[in-house]
Every structure is written in structure tokens, then in C-alpha cells.
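Please treat every number below as a calculation from the coordinates, not as lab data. Note that the coordinates shown come from a computational prediction; the quantities given were computed from them, not determined experimentally. Neighbour counts are summed over all protein chains in view; Cβ atoms, including those assigned to glycine, are modelled from backbone coordinates with ideal geometry.
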Amino acid sequence: MLGFAALCFPFCYWNFSAFSYDSHMFVMYGRALGAEGHLSLDMLQNLDKWGMFQVVAHAMSAFVKQDYLYGLAPAFAVSMLATFAVVLGEALGELRVEPRHRALWMCLAVVVLLAIPLFRFHVVYVHSNMGSAGYLLFFIALFWLAEVKNDASYLPIAFLSLLAFTVLRVEAVPFALGFLLLNVMNTRLSRREITRWYSLYTAVLVAWFGLLAFVVPADSVYLTPNKCLLFVAAIALLFAYSLVRDRWWFRRLTPYIPHLTVAACGLGIVAAYLTNEANMRESAGIWLDDLWSSTWWASIWKYVVVLAIVGVVFPAPPFRKSLVLGIWLFFGLILILSSTGTAFGPDIDGSLIRMTIHILPIVVFYGALKFAPLLAATRAR
């Protein structure tokens, strides 16, 4: 706690925050919400472009004598990196990596993330991407730990993290549903424990998007009433399937759900290209070129590709399916999203590029799980 406070102090004492248009909207709506003291219908109508998380968080500026919470983004980044290190250390412990080697890999993983200029920028950037990256990682990593240990005590925090991820951005629902399909549908964990927390997650989101369906503008470019109702139906149907996944003929289909999910995503990419070829060529081209050549990424994706090729010949960690397929699914969904419009710029101005931050900690987490036991065993020999 003292270390956390010490790291947060300079960011709270001096204002290092970076802003974009979205950042100003978060702060403005947050201040309005804090002044009103309740979530009015007028305010709800304005959440068709942004998730509720940042708006509610910045409403806390009503409790302090500051124009806005410029220390909120750095404080979250510090806590996210600390928790990332702790979860990674726990995971490496399950793979029998010695404590001293675990500490080295925990430090190395954090250093890798901070070595990327775009990630460092998000430490002070008033936006939703650092939060999305953290909460998605915690859901995936904690669910993986629950599977490895066969311990359902990780599930409450895992589903709470997924709930936070889902309401951080309006585009997050398809990603959340995809990771639920990869993790929940083919788990060995107790059905009773899964259902208890999964049902709460489902109830909150069904209520939230059901409410938004009656208030968001019908002509919105982003979240429309029809999209809200579609989200409600998809979330509810997926939960219903989870209740019957081991009954009747569903039990034959369920083991193939993770691979079918990725296959369906592949078909979605083809359909998106055929229906919106021009948009997809432009947006996806900007995104892919930026990942490969932009200085904001410090060539991280080139190293990832090389390590992925090298790693094929080495043993993989247990229960890797949700991690590996999840990474592929994320990039597939980003490609589909690229077909919806051309308002995706390069570098820090591109929504697709900023959203790629979400998967970065998971890629680093899996890389550590893949190579840490191998290198530790080599040193031991």
C-alpha cells in the first residue's frame, strides 16, 4: 500500500494527463453526473457513444476540489500493473517455476509493457483502454487459474472483472461474449459455482442494456435501441445455453464450442469484407500497418510473431485453449469492427489501434507462461 501510494503521489500532485475528444466527454459528463447526483434519463441518452464506467468514475470529482480526476488514470495503471504481476506470479507458481525465477519474469513482463510508448501514453491518457486491458486480463487469467487449480473461489472477481470490461466501451459486448464462449462453455469447474456468478453478470447487463434500449437515440451512429436489444438477446441466450450445455444433444456440440467460435469469427471476417470491402481495406490497412511499423508500438508485434513461430515447437501450458484462441478471436473481431466505418486513424488517433491495447497484457501473460518454465528448466540443468 505504501509503495502504491508512493507511485501514485507524483501523478496526483502534478497533472500529467493527456486528452482527446473522448477524454473531454468523459470529464464533462462525469462532472454533470456528479453535480446532478443521480443518473438521469438525459444523461443516459448521452451514453450511446461511450460506456458508463469512465463517466461514473469521473463523477467522483464532485468529492474533491479539482476540475477533474487527473490522477485517476495513473492510479488505475499502477494498480493494474501491480495486479498483473501478482496474478502472473501465481500462475507461474502453478507451473512450478521457482520463486526467484518468478520474480524475474514478473519484473520482465511489467518492463515489456512499459517499454511500449503507446502503453506508457495510456498511463496518463484519460480514456477507457487501460481499464479494458486490465479487466479483460483479470477475467482471462483468473479463469485460467480457476481451471488449473480446479478452484471456484476465483470466479467472483473474474466475473466482476468481465462486467467492468463489458461496460467500459459500447463495442465490448461482442468481445465479452466471445471470451465467455471460450472459457465458460467448456470448463471443468462446478456448474453450480459458475451459474451463481454468471447469472449475476447476465442479470446486470440485461437490465442495463434493456434500460438503454428505451433511452438512446434511434439515429445514433454507435449504440442504437436495436443494438441494445440485440445485446440483451445475445447475453441472455448465451447464459441459457450454459445451463443446458451438458444435456440432450447439446453435450455433443459443447466440446467444439471454442473452435466453432473462432471459425464463426473467420466467416464473419469474410462476410464483413464482402459487404464493406472499401471500409475494411482502408481501416484494416491503417491498423495493420500501424501495428507493424509505428514507433508507438516499438516493434512489439514483430517480436510477438517471431516468438509465436519459435514457440510452436515447445510445450504449451495447460488449459491454453482459452488463451490462444482468445488472442486469435480478439484480432478477428477487430478486423470485423474495421469494416463498420473509416473513422479509424493512425497512431494514438485510431480507435482500432487504441483497442489493441486490450489484448496486449494477455499476450505478454501467455508468453511468460509459455517460456518461463522452459528457460527455468534449462537453467536448472
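Using the Cα gyration tensor of the range 213-276, with a ≥ b ≥ c the square roots of its eigenvalues, what is the shape: rounded (a/c below 1.5), prolate (a/b larger than b/c) or oblate (neither)?
Values: a/c = 4.76, a/b = 1.44, b/c = 3.31.
Here the range 213-276 falls in the oblate category.
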Task: In order through the range 61-68: 3J(HN,Hα) via Karplus (6.51 cos²θ - 1.76 cosθ + 1.60), integer Hz, x for Gly, Pro - done: 4, 5, 8, 10, 8, 9, 5, 7
Task: Residues with amide H under 5 Å from that of residue 125, placed H, sequence gap 5 or more - done: 18
TODO: Among 77, 35, 57, determine the one that fluctuates most according to a GNM of the chain built with springs between C-alpha atoms less than 10 Å apart.
DONE: 35
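May I ask for the Rg/Rh ratio of the range 59-130, computed from Cα atoms with Rh as the Kirkwood radius, given to two decimals?
Details: Rg = 15.6 Å, Rh = 13.9 Å.
Ratio of gyration radius to Kirkwood radius for the range 59-130: 1.13.
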- [ ] Take peptides 123-129, 250-256, 221-227 and line them up by average Cβ neighbours within 10 Å, highest first, as a rough protection proxy.
- [x] 123-129, 221-227, 250-256
TODO: Return the lysines within reach of residue 321: Cα separation strictly under 25 angstrom, same-chain partners fewer than 8 residues apart disregarded; answer none if there are no such residues.
DONE: 149, 302, 370
Open item on the list: What are the ³J(HN,Hα) couplings of the range 205-218, residue after residue, when phi is run through the Karplus curve with 6.51, -1.76, 1.60 and θ = phi - 60°? Round to Hz, x for glycine and proline.
Closed with: 6, 4, 5, 5, 6, x, 5, 4, 4, 8, 10, 6, x, 5
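Figure the gain on full extension for residue 157 and residue 200 (residue separation times 0.36 nm, minus the Cα-Cα span) and round it to one decimal in nm. Before the final figure, lay out the partial values.
Details: separation 43, 0.36 × 43 = 15.48 nm, distance 1.22 nm.
14.3 nm is the gain from fully extending residue 157 to residue 200.
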Open item on the list: Please list 3J(HN,Hα) in residue order for the range 222-227, calculated via the Karplus relation 6.51 cos²θ - 1.76 cosθ + 1.60 where θ = phi - 60°; whole Hz, with x for glycine and proline.
Closed with: 10, 9, 9, x, 5, 5
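Given R₀ = 30 Å, what would the calculated FRET efficiency be for residue 271 paired with residue 14, taking r from the Cβ atoms and rounding to 0.05? Intermediate results must be reported in sequence, preceding the final value.
Details: r = 49 Å, r/R0 = 1.64.
After rounding, the FRET efficiency stands at 0.05.
Taking R0 as 30 Å, what FRET efficiency do you get between residue 65 and residue 120 from their Cβ-Cβ distance, rounded to the nearest 0.05? Write out the running numbers ahead of the final one.
Working: r = 29 Å, r/R0 = 0.96.
Taking R0 as 30 Å, the efficiency between residue 65 and residue 120 is 0.55.
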Task: Partners for residue 49 among aspartates and glutamates (Cα-Cα distance below 18 Å; same-chain residues under 8 apart left out) - done: 22, 171, 219, 349
Open item on the list: Once each part is reduced to its C-alpha centroid, what is the distance from the range 96-133 to the range 267-289 in angstrom?
Closed with: 30 Å
Open item on the list: If I take R0 = 45 Å and measure r between the Cβ atoms of residue 260 and residue 2 in this structure, what FRET efficiency does the formula 1/(1 + (r/R0)^6) give, to the nearest 0.05?
Closed with: 0.40
